């Protein structure tokens with residue numbers, strides 16, 4: 001029974017660390033860029049869109065498709081950075097514990 005009590009305590013500590021990590025990720029803001037910085041898109045750690053900055057030089061009513069592509073590319077860049085930051089935070093929480101493939105935390 002001693003091992004079970006210790007395991008429960010570890011689970012509670014991990015749950016607390018997970019909650020802290022989620023709060024930290026929500027407060028984090030990461031900017032993705034495209035077109036050499038002409039389009040910038042800022043997301044928080046939960047991938048919620050916070051800001052879009054578009055350089056007026058690239059706004060061409062005759063070429064809306066290019067602007068749309070740049071926005072998508074900036075979003076993809078920001079999302080990739082968020083995933084990397086999230087994985088780094090998760091490593092801190094799990095102490096380097098390797099999770100099974102396909103298992104992502106937080107659930």
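For region 28-86, the relative contact order is 41 percent, taking Cα pairs closer than 8 Å that sit 6 or more residues apart in sequence and dividing their mean separation by the residue count.
When the convex hull of the C-alpha atoms of the chain is computed, what volume per residue in Å³ does it have? Mind dumping the intermediate values first?
Details: hull volume 11.5 nm³, N = 107.
Enclosed volume per residue, from the Cα hull, is 107 Å³.
Computed from Cα positions, the angle between helix 64-94 and the longest principal axis of the chain comes to roughly 20 degrees.
Computed from Cα atoms, the angle from the helix 2-27 axis to the main principal axis of the chain rounds to 20 degrees.
Mean-square fluctuation check for the chain, GNM, Cα pairs under 10 Å: which of 62, 78, 34 is largest? In the Gaussian network model the winner is 62.
What percent does the relative contact order of the chain come to when contacts are Cα pairs within less than 8 Å and at least six residues apart? Spell out each step's value before the answer.
Working: 108 pairs, mean separation 28.4, N = 107.
Across the chain, relative contact order equals 27 percent.
For residue 62 and residue 31, the difference between the fully extended length at 0.36 nm per residue and the C-alpha to C-alpha distance is 8.4 nm. The stretch between residue 76 and residue 91, if pulled fully straight at 0.36 nm per residue, gains 3.1 nm over its current Cα-Cα span.
Largest GNM mean-square fluctuation among 20, 83, 65, using the chain with Cα springs under 10 Å: 65. Put the Cα centre of region 39-61 next to the Cα centre of region 63-77 and the gap is 9 Å. Considering helices alone, the calculated mean residue ellipticity of the chain at 222 nm is -19000 deg cm²/dmol, with DSSP H runs of length four and up weighted by -39500 (n - 2.57) and normalised per residue.
Could you tell me the ratio Rg/Rh of region 28-86? Both radii from Cα atoms, Rh via Kirkwood. All intermediate terms of the calculation are to be shown ahead of the outcome.
Details: Rg = 11.5 Å, Rh = 11.4 Å.
That ratio equals 1.01.
Read-outs throughout are calculated quantities, based only on the coordinates presented, and are distinct from any laboratory measurement. Just so we're clear, the structure is a prediction, and the values are computed from it rather than from any experiment.
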